[in-house]
Amino acid sequence: MTNYNFLDIISILSLFIGILFSVFLFTSKTKNKLSNRLFGVFLLLSAIDNIFLSKLIGQTSYNTSAIVALLVFLHLPIFYLYIVSVCYSGFKLKTKHILHTIPFFIVNLLLLTNFYGVNPESSIILLSNLSEDFKNSFVHVFIHIQVVCYLVAVFIVLIRAKKIYLENYANSSMAFYTWLFQLTIAISVLHVFAIFKNIYKFSDYETFYYWTRVALQLIELTIFCWYVLKALNAPNLFKSVDSKLKLTSNLISENNTPITEAPKINDEVQALKNYMINEEPYLDSSLTIQGLANQMKLHTKDVSILINHTIGKHFFDFINEYRIQKATQILEDSTQNQLTVLEILYHVGFNSKSSFNTAFKKYTGETPTAYRKLKITG
């Protein structure tokens, strides 16, 4: 009868949930098919790179076990592509994305001569002397370098996409980027634990190494379960930005935009502010900088530079200021006491109570309810 220890039990749970949820992502019919499938592949690779599964495979084939272990070189490249696909609408897999598999093939070619194809006895000898083999040491260092590089790349993508969103969209909810940052931080913590575990892999601290593996499996299991709950509770969480949009700083540098004379700039800024006050385009919760430019019959690039560069505010903040000003006018009006805070926030262009309360307190220092009470009752 096979004996299972605590680590095996956690490992089996992670393996089961990872495979189950990856199947769910592959088969679910949503508009985010590519993103779902990329994350499904990521979860599947994470499930395959499982301590218990590796142990079972290793009992039958050392070569297969080695290939499974080296699949770790595909984990973060897939996760990186997943993040890009979520952040940018219109993202498609292209031939150039095959370049992300280069590290995986490099390490396989590196181990071709002294691992693959050799007899089982030689494989066993190599496995028992991993710390003394230069190629295996190189592979361990290489994977850690890859982990750091891809995690940095993911954070750069998130920061850039968020900035593009703030410069071009006025949707008041940023929950989707908060979620992506949280997910990336969770994945980063998982890999930090993996690196910490590998420090003791070739040491004499076997008990400590065992419990770091347990901690790693528990973190992975927690992330899997967390993602399942998040996906079930908020299936429409993600709102990608247009992949063709560029940062205002890039628009200025690429087009060599000349510096406009101060009087003309002042006139343009005043015209924009007059339009915002008279036409109140900010009441549209789905307003984008392109939509505002179309209403004003101007080029999107010009409006973007005017708001994000000349005025010095993100479009997101620029629009929300007008929404909050409109909300304060309503809250100060005793004749509109019958309107609830929820009705007011939807009227002025917000689409969630939490984002409205956060923005309102940012600009006034008070909650909407406290502000109304202060202004009306004194």
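A few remarks follow.
- Qualifying residue in segment 109-119 (condition: at pLDDT 80 or above and surrounded by fewer than 19 Cβ atoms within 10 Å (Cβ to Cβ)): yes
- For segment 286-297, a residue qualifies if it is modelled with pLDDT of 90 or more and not charged (D, E, K, R), and the qualifying residues are Leu287, Thr288, Ile289, Gln290, Gly291, Leu292, Ala293, Asn294, Gln295, Met296.
- Selection status of Ile324, among the hydrophobic types (A, V, I, L, M, F, W, C), over 26 Å from the mean Cα position of the chain (by Cα) and surrounded by fewer than 17 Cβ atoms within 10 Å (Cβ to Cβ): no
- Any hit, segment 333-348, residues being at positive phi and exposed (fewer than 15 other Cβ atoms within 10 Å of the Cβ): no
- Contact map, segment 154-168: first residue modelled with pLDDT of 95 or more, second residue open to solvent by 80 Å² or more (accessible area, probe 1.4 Å), Cβ cut-off under 8 Å, separation 6 or more or different chains; the map is empty.
- Scanning segment 345-378 for residues that are more than 21 Å from Thr288 (Cα to Cα) and among the aliphatic types (A, V, I, L, M) turns up Ala370, Leu374, Ile376.
- Condition met for Ile289 (touching a strand residue (DSSP E or B) at 6+ places or on another chain (Cβ under 9 Å), closer than 29 Å to Phe176 by Cα, among the aliphatic types (A, V, I, L, M) and open to solvent by less than 70 Å² (accessible area, probe 1.4 Å)): yes
- In segment 74-102, the residues that are in a loop (DSSP other than H, G, I, E, B) and at pLDDT below 95 form Cβ pairs under 9 Å with partners that are open to solvent by 30 Å² or more (accessible area, probe 1.4 Å) and among the basic types (Lys, Arg), at six or more places apart or across chains, as follows: Gly90/Lys244.
- Subset of segment 341-378 (residues that are charged (D, E, K, R), assigned to a helix (DSSP H, G or I) and more than 21 Å from His314 (Cα to Cα)): Glu343, Lys353, Arg372, Lys373, Lys375
The values are calculated or read from the model by the stated rules, or taken from the named source; none is laboratory data. Predicted model, so just to flag it, every value in this text is computed and none were measured. All Cβ positions, even for glycine, are placed from backbone atoms using ideal geometry, and neighbour counts span all protein chains on display. The accessibility values were calculated without ligands, DNA or RNA, using every heavy atom of the protein model including side chains. Shrake-Rupley method; radii C 1.70, N 1.55, O 1.52, S 1.80 Å.
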